[in-house]
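Participant: Here it is: the structure, laid out below.
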Amino acid sequence: MRMTGNTILITGGGSGIGRELARRFHDQGNTVIITGRRREALDKTADGRPNIHATTLDVTDPAAIVAFAARVTSEHPALNVLVNNAGIMRYETLDRARDLSDAEETVAANLLGPIRMTDALVEHLSQQPDAAIVTVSSGLAFVPLVAAPTYSASKAAIHSYTVALREALKGRIEVIELVPPAVQTELTPGQSNRAAYLPLAAFMDEVMALFAQVPTPREILVERVAFQRNAEAEHRFDEAVTTLNEMARRAREG
């Protein structure tokens, strides 16, 4: 992936990893378009950076995605990189019947959102030089968190979708998967203050160094996420499930 001179669309650019990707790519000489539900958060990301353009978008709304895609490609015809970053994480209980709205909203945001965004923009991107699609999955795609089962499942699905997308678009659009471990963001309440999680700045330093490699790795894997990404291949999956969930429980309980 080219590191400068792109026009990059990042969903979920109002906070966390999306915000930092937007700022880092902007500061390397790219035009960046960010979307999200909260205008105030988007404006905070763009503050002081003239080539970050913010617009509200709910990636769970199919009609809004279609309308947005038409508008953004008209206003920014050089758009050549899509980063499917927007997502939500909800804790769920599996041992009793419950309201499934959290699970349904998670699938709509984390899985259908990227699928719909990609579908809306793939033909445009196919016509651009140095085109790329970046999907943001999670270490939980490879070793699930019991407390967030639908989130974990949605990210496993995104990993599989990304593999298929890469093969389908080979030779036309570069497809890259960014796989974060537990990072200090506000993806869940209190997460930004958990000492056991990777600080956001340190995560981003590793991520941008990996993006800058030539050729760009198919998977952007910081050192911390190898414990999850390689668990099954290294024949320690069951142990990893137990270890990860115990570590996450202790982190949540402080």
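Participant: What are the residues in segment 182-210 that are part of a helix (DSSP H, G or I), at pLDDT 95 or above and either hydrophobic (A, V, I, L, M, F, W, C) or surrounded by fewer than 16 Cβ atoms within 10 Å (Cβ to Cβ) (or both), if any?
Facilitator: Scanning segment 182-210 gives Leu200, Ala201, Ala202, Phe203, Met204, Asp205, Val207, Met208, Ala209, Leu210.
Participant: Now, a different point. What tally of residues in segment 231-246 results from selecting those that are outside any loop (DSSP other than H, G, I, E, B) and either surrounded by 13 or more Cβ atoms within 10 Å (Cβ to Cβ) or charged (D, E, K, R) (or both)? First the steps, then the outcome.
Facilitator: Initial filter on segment 231-246 (outside any loop (DSSP other than H, G, I, E, B)): 237-246.
If we keep only those that are either surrounded by 13 or more Cβ atoms within 10 Å (Cβ to Cβ) or charged (D, E, K, R) (or both) as well, we get 237-241, 243-246.
Residues that pass the stated criteria total 9.
Participant: While we're looking at this one, here's another question. Quick one: what pairs do we get from segment 25-40, first residue outside any strand (DSSP E or B), second crowded, with 21+ Cβ neighbours inside 10 Å and aliphatic (A, V, I, L, M), C-beta under 6 Å, 6+ apart or different chains?
Facilitator: Cβ pairs passing all conditions: Phe25/Ile8; Phe25/Val32; His26/Val32; His26/Ile52; Asn30/Ile8.
Participant: So which of Arg24, Arg90, Arg19 is more than 23 Å from Glu219 (Cβ to Cβ) and not aromatic (Phe, Trp, Tyr)? Before you say what the answer is, go through the steps one by one.
Facilitator: Values: Arg24 fails: more than 23 Å from Glu219 (Cβ to Cβ); Arg19 fails: more than 23 Å from Glu219 (Cβ to Cβ).
Result: Arg90 is the single residue among Arg24, Arg90, Arg19 that is more than 23 Å from Glu219 (Cβ to Cβ) and not aromatic (Phe, Trp, Tyr).
Participant: For segment 63-76, which residues satisfy the criterion of being surrounded by 14 or more Cβ atoms within 10 Å (Cβ to Cβ) and part of a helix (DSSP H, G or I)? Break it down stepwise before answering.
Facilitator: Residues of segment 63-76 that are surrounded by 14 or more Cβ atoms within 10 Å (Cβ to Cβ), as a first pass: 64-65, 68-69, 72-73, 76.
Within segment 63-76, Ala64, Ile65, Phe68, Ala69, Val72, Thr73 qualify.
Participant: Can you confirm whether segment 6-17 contains a residue that is under 16 Å from Leu121 (Cβ atoms), more than 13 Å from the chain's Cα centre (by Cα), crowded, with 24+ Cβ neighbours inside 10 Å and of a type outside the set (Asp, Glu)? Outline the logic, then answer.
Facilitator: If we filter segment 6-17 for residues that are under 16 Å from Leu121 (Cβ atoms), which is where we start, we get 6-13.
Applying the additional criterion that residues be more than 13 Å from the chain's Cα centre (by Cα) yields 6-8.
With the extra rule that they be crowded, with 24+ Cβ neighbours inside 10 Å, the set shrinks to 8.
From what's left, of a type outside the set (Asp, Glu): 8.
Within segment 6-17, one or more residues are under 16 Å from Leu121 (Cβ atoms), more than 13 Å from the chain's Cα centre (by Cα), crowded, with 24+ Cβ neighbours inside 10 Å and of a type outside the set (Asp, Glu).
Participant: Is it true that some residue in segment 136-149 is touching a strand residue (DSSP E or B) at 6+ places or on another chain (Cβ under 8 Å), surrounded by 22 or more Cβ atoms within 10 Å (Cβ to Cβ) and not in a loop (DSSP other than H, G, I, E, B)?
Facilitator: Within segment 136-149, the first condition is being touching a strand residue (DSSP E or B) at 6+ places or on another chain (Cβ under 8 Å), and the residues that meet it are 136-137.
Pick out the ones that are also surrounded by 22 or more Cβ atoms within 10 Å (Cβ to Cβ) and you get 136-137.
Within this subset, residues satisfying the condition of being not in a loop (DSSP other than H, G, I, E, B) are 136.
Among the residues of segment 136-149, at least one is touching a strand residue (DSSP E or B) at 6+ places or on another chain (Cβ under 8 Å), surrounded by 22 or more Cβ atoms within 10 Å (Cβ to Cβ) and not in a loop (DSSP other than H, G, I, E, B), which makes the answer yes.
Participant: (1) crowded, with 21+ Cβ neighbours inside 10 Å; (2) closer than 24 Å to Val107 by Cα; (3) in contact with an Asp or Glu (Cβ under 9 Å, 6 or more places away or on another chain): which one isn't true of Gln228, the others all being true?
Facilitator: Unmet condition: (3).
The values are calculated or read from the model by the stated rules, or taken from the named source; none is laboratory data. Because the structure is a prediction, the values reported are computed rather than measured. Reconstructed Cβ throughout: ideal geometry from the backbone, glycine too, with neighbour counts over all protein chains shown.
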